[in-house]
1. Output yes when any residue across segment 95-114 is in contact with a Pro (Cβ under 8 Å, 6 or more places away or on another chain), surrounded by fewer than 22 Cβ atoms within 10 Å (Cβ to Cβ) and hydrophobic (A, V, I, L, M, F, W, C), and no when none is.
2. Please find, within segment 425-483, the residue that is farthest from the chain's Cα centre (by Cα) out of those that are without any contact (Cβ under 8 Å) to a residue 60 or more places away in the chain and within 30 Å of Leu561 (Cβ to Cβ).
3. So which of Leu367, Leu321 is outside the structural domain of Ile524 (by TED's automatic domain parsing), of a type outside the set (Gly, Ala, Ser), in a helix (DSSP H, G or I) and at negative phi?
4. Evaluate segment 45-57: report whether one residue or more is part of a loop (DSSP other than H, G, I, E, B), over 21 Å from Val169 (Cβ atoms) and basic (Lys, Arg).
5. Checking Val279 against (1) in the same structural domain as Gly259 (by TED's automatic domain parsing); (2) at pLDDT below 90, which single condition isn't satisfied?
6. Between a residue in segment 498-511 that is under 17 Å from Val374 (Cβ atoms) and part of a helix (DSSP H, G or I) and any residue that is of a type in the set (Ser, Thr, Tyr) and modelled with pLDDT under 75, which pairs come within a Cβ distance under 9 Å, given they are 6 or more apart or on different chains?
7. Out of the residues in segment 422-433 that are buried (at least 22 other Cβ atoms within 10 Å of the Cβ) and not charged (D, E, K, R), which is nearest to Asn686 (Cα to Cα)?
8. For segment 40-99, how many residues meet the condition of being within 21 Å of Glu272 (Cα to Cα) and either without any contact (Cβ under 8 Å) to a residue 12 or more places away in the chain or of a type in the set (Ser, Thr, Tyr) (or both)?
Amino acid sequence: MNGIAVAGSALVDEINIIKEYPAMGRLTQVYGVNRSVGGLVPNVGVDIKRIAPDLSVYAYGKVGKDDKAAFLLDALRRNGVNADGIKRAETLGTSFTQAMSIEGGERTFFTYAGASADFGYDDIDFDKITAKIFHLGYFLLLEKVDNGDGVKILRELKKRGIKTSIDLVSSTVDAYEKVLPCLQFVDYLIINELEAAALCKSDNIDDLRLLAEELKTMGVKEGVIIHKAEKACFLGESYAEINSLIVPDELFKGKTGAGDAFCAGVLTEIYENAAPEQVLETGIRAAAASILQANATDGVKTKSEIYEIIPSKQYSDYTDLVQKFVSEKAAELIELVHASGKEAMMFWGDNWIGAEPYGKYFPLMKLDAVVGSVSSGCTVRAVSDIENVKYREIRLMPYFFPDTLNDDTVATNALLNNWITERRALMCKLVDRIGFGGYLSLASKLPKFCENVEKVCDEFRAIYGVVSKGEQYTFLKVAILSFWGKEKSWMTYMMCQDSPYQRTAPFLGILEILAGLPVQIDFIGFEEAENGALKNYDVVFNCGDANTSFSGGECWKNPRLTESVRSYVYGGGAFIGVGEPSATAFQGKYFQLSDVLGVDREMGFSLAFHKYNTIAVKNDFIMHDVKEPIDYANDLRHVYANDGAKVLDIAFEKNFESGVNCGHIRFATNEFGSGRAVYLAGLRYNSQNARTLYRTMLWAAHKENMLKKAFCDNVYTECHYYPLQKKYAIVNNSNQEQCTAFYDFAGNREEVVVEPRALLWIER
């Protein structure tokens, strides 16, 4: 089964735009008239096709034999909705609504029930239904459905294994009694807060969770979704609630169709088995897009567009314009600074307004320096990799502020723990200066903290004395492939000083690991990949959630992009996909590079018994150092292995017997032509994961023989080699003493002991 069926009300809307409602017996002027299709079937059906163009949508309803029917059917088919399920009434006309809409405000409807009121059980050919989900609405506006046929329709659908959902229209209190018998056959109930309260016979319209819980007890099987102007909630196996988007008044055109757009967004995500938060987010964004236009459907765009995650050409052009403008104006100011004999320094921040340090216009400013506060290896590299400045400076945490610098032990631990990850990055790419920010008087009261600041500074001087005179030896050249390319170098997924947000952790962990490994890192865009840049790299990463600019979303529908990656891997390259790499529903696949990766994510349209590979195999090279369960920082479900892939790690549902089509792949490898590919659900930064990813990259690049060159076998230690200085740095990334076997570049082995958090230099 595939696609979504929408059934119920189908009509023609005439929306009249007015400035105010007249008093009884008075006249008001109509400033515009928009004729469009309306009702649930056209609104929700067309919105689903706009949000997910590749999703099949089937319409069921009833119209007359008039010009309105021709207008409605033509609109459905032009928008890609299969209208074969629409029946013709012999004696009734097509339903229509006259709407009076105050521009930017409320609206009032005058409706003719017509053929839609006659739609019922006998108008549906159940044997021809192929949809996975069947949505029926508007209840309380469909006479036959409300008076018994709704129960019959929903019961029949459930007998056939089809998921059901319904929505309502607001009506009188007594009318809601008609809906109650249907709820036992409903999987998903999508309603507003007034309708929820009426069904529950409650005066409370503010506590959405309480209303949802009550409705669940009344028979709804899988999920209750309630939306109001300010927020929306989803109660399924768990509860989620998120706030609505605020649309500026000057952009607000009317609420017509906003509820239907919300419903369409919700259904597309339910179809894809998305998490409750994602279901609500898409619904809310679709509703917000809808109210940018006066009619019901014109405002709704593709999922990528309503999220504005994969930037459109217009958006990209706009950001380019802003960057150029800001950089040119900044250059004028910096020239004045230089004319006065001073240096110009920019503070590296969390967000940019045209001064992106990796943007193409950044050199125009002729800045002398960039400074930024850091708390990890990733934030260090975001500063240290900046080009076209004289020097780079980082400010270590904690800041000398009263809320963060008030306890000697706490401050010291924060300093040293941060330094472990910051030092990893500095061993790979130096900054010119380190320092702190805030009030020195606060630090003077913390002697232990001051003592350790001195030790950190001394260690930085030692590192600088070696690394500044010659770069470390790198074993791999690695590319991070995303829409943004170089422009978002080291800033991918990072927010607010790289705080550990749950959604970003699986991908930020990858960057944090890479920040301190002996590999060269470049951030490249899809256009570069299309034009042959991949051949310059040993390993290529694509990381991120589906439909984000970082994984690529609909960009992967471009055959030039997919084939460039396929050719690269087939010819011997290495590709590592993390999270939902190359993910977009298209041509029967979700991961567009599923043949390369050896895995795909089940979205409901490719189910088959015994398909799932549930047997984990051993890769001794990659998994050699894995002693504890791998922390993927991601609970991505329904990733399965294709034939030929080797599953290294798999999770099973607790309430299912192991091996019964229930495994969720976390880690897998695949041979593709002469190349190798790896799938990872994500990785949180820790020492074991850092070692495992390093081994994974070497394996994928066919460079296993390079492992024990400038290498320490203890996962809590890492080795950096500086050939011009003939020095090795052995770093202990833990708070305990570590014993490790050290291998120099020639393969000579030596046992060494490294003190807690210490850095040991060996000259050879």
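1. So far as segment 95-114 goes, no, none of its residues is in contact with a Pro (Cβ under 8 Å, 6 or more places away or on another chain), surrounded by fewer than 22 Cβ atoms within 10 Å (Cβ to Cβ) and hydrophobic (A, V, I, L, M, F, W, C).
2. Thr474
3. After ruling out the rest, the residue left standing is Leu321.
4. The answer is no, given that none of the residues of segment 45-57 is part of a loop (DSSP other than H, G, I, E, B), over 21 Å from Val169 (Cβ atoms) and basic (Lys, Arg).
5. (2)
6. Final answer for the pair search is Leu508/Thr492; Leu508/Tyr493; Leu508/Tyr501; Leu511/Thr492; Leu511/Tyr493.
7. Ala425
8. Final tally of qualifying residues: 2.
The values are calculated or read from the model by the stated rules, or taken from the named source; none is laboratory data. In this text, all values refer to a predicted model and were calculated from it rather than measured experimentally. Note that we place each Cβ from the backbone using ideal geometry, even for glycine, and neighbour counts take in every protein chain shown.
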